[in-house]
Amino acid sequence: MLRRCLLAYVIIALLALLASYLSDWVNKRPAEGNSWTTARRDSAQLLANPQSIKDDALVAVFAAKTYGWRGHFAVHTWLVVKRRGETHYTRYDVIGWRSNDLIRKDYAIADGYWYGARPRMLVEHRGDAAEAMIPRLEAAVHSYPYPHTYHAWPGPNSNTFIAHIARQVPALRLNMPANAIGKDYRPLTNPIGRPPSGKGVQLSILGLLGVNLGEQEGIEVNLLGMDLGINVSPLQVRLPFIGNLPAENNKP
């Protein structure tokens, strides 16, 4: 039975990887001839001009495929906040190059293309709920336990950072994609805790082997960083290399 389950897992993962390659090929991503220095980084026009919503607070999380061939496997995620009265967005990422301090503030345009990949908004909150959330989110940014350590696989990485923030602030109600490799990273000394959504339970060994039972994750199994599962609210299949199907924005 175990062998059959593992075989089914491998077959599903390979099919999902093929689907990811085909999707990128159809969408011509990454663009031929582009290097990381010339890849598109302008706004994807997913956020309003901050001056036009000056009297409103906003919290959002974005995901975009990582640069180059790595985008067939995983996404990069980041946090955007704007307090009431501000006329600019503040963006927080973990970036694994060019700095010893990996937590970067306003590294790029808040809703910008990520080295050629169009971002997708995973969750958005506005108004009083967003305003109340921002101090807790920024406290979570500063409490990230791996500000000087980065490993693309299995973590800690940019997705570990966003998962940490979401765990600390369950009101964010973040449903991280299954292909956000690193979201399940936990040290050997702390293998049991909350899943990235902040509500439920997670068992994970270094993000390489584990299971999530969560409000946003549903039931999700992780093998070598490849997540496979199903969620009932919303109804989604969670697939490695592809993410959550159907993908939807979580806007309470």
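The values are calculated or read from the model by the stated rules, or taken from the named source; none is laboratory data. For clarity, every value in this text was computed on a predicted model and none was experimentally measured. Don't worry about glycine lacking a Cβ; one is built from the backbone with ideal geometry, like all the others, and counts go over all protein chains shown. Keep in mind that these areas ignore ligands, DNA and RNA; they rest on the heavy atoms of the full protein, side chains included. Shrake-Rupley method; radii C 1.70, N 1.55, O 1.52, S 1.80 Å.
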(request) Step through the residues of the range 226-232 one at a time and calculate ³J(HN,Hα) from phi using the Karplus curve (6.51 cos²θ - 1.76 cosθ + 1.60, θ = phi - 60°), rounding each to whole Hz and writing x for Gly and Pro. (result) 9, 9, 9, x, 8, 10, 9
(message) Sort 105-113, 118-126 by packing, meaning the average of other beta carbons within 10 Å per residue, with the highest value first.
(response) 118-126, 105-113
(message) If the only charges are +1 at each Lys and Arg Cβ and -1 at each Asp and Glu Cβ, what is the size of the charge dipole of the range 84-208 around the Cα centre, to the nearest 20 debye?
(response) 260 debye
(message) Accessible area per residue for the range 129-187 in Å², computed with a 1.4 Å probe and the full protein assembly in place, what is it?
(response) 33 Å²
(request) First measure r as the distance between the Cβ atoms of residue 84 and residue 23, then evaluate 1/(1 + (r/R0)^6) with R0 = 41 Å and state the FRET efficiency to the nearest 0.05. (result) 0.60
(message) Of 75, 94, 144, which is farthest towards the positive pole of the range 47-172's charge dipole, taken about the Cα centre with +1 and -1 on the beta-carbons of Lys, Arg and Asp, Glu respectively?
(response) 75
(request) May I ask which residue of 15, 211, 171 lies farthest towards the positive end of the charge dipole of the chain, with charges of +1 (Lys, Arg) and -1 (Asp, Glu) on Cβ and the Cα centre as origin? (result) 15
(request) Using the Karplus curve 6.51 cos²θ - 1.76 cosθ + 1.60 with θ = phi - 60°, work out ³J(HN,Hα) for each residue of the range 105-121 in order, rounded to whole Hz, and write x for Gly and Pro. (result) 9, 6, 5, 8, 4, 3, 10, x, 4, 9, 6, x, 9, 6, x, 10, 7
(request) Could you look at the chain and say what percent of its accessible area is carbon and sulfur, using a 1.4 Å probe and all protein chains? (result) 61 percent
(request) Write down the Å³ per residue value for the convex hull defined by the alpha carbon atoms of the range 68-111. (result) 91 Å³
(request) Quick one: which residues, 5 or more positions from residue 94 or on another chain, have an amide H under 5 Å from its amide H? H modelled 1.01 Å from N in the peptide plane, none for Pro or chain starts. (result) 104
(request) Treating the Cα atoms of the chain as identical point scatterers in vacuum, please give the log10 of the normalised Debye intensity I(q)/I(0) at q = 0.16 Å⁻¹, two decimals. (result) -1.22
(request) With a 10 Å radius around each residue's Cβ, average the other Cβ atoms per peptide and rank 211-219, 81-89, highest first. (result) 211-219, 81-89
(request) Rounding to the nearest 20 debye, state how big the charge dipole of the chain is about its Cα centre with +1 on each Lys and Arg Cβ and -1 on each Asp and Glu Cβ. (result) 260 debye
(message) Which entries of 54/105; 28/54; 54/199; 105/199; 65/199 have Cα-Cα distances beyond 29 Å here?
(response) 28/54; 54/199
(message) Rounded to the nearest 20 debye, what is the charge dipole size of the range 140-216 about its Cα centre when +1 sits on each Lys and Arg Cβ and -1 on each Asp and Glu Cβ?
(response) 120 debye
(request) Please give the length that would be gained between residue 129 and residue 12 if that part of the chain were fully extended, namely 0.36 nm times their separation in residues minus their C-alpha to C-alpha distance (nm, one decimal). (result) 38.2 nm
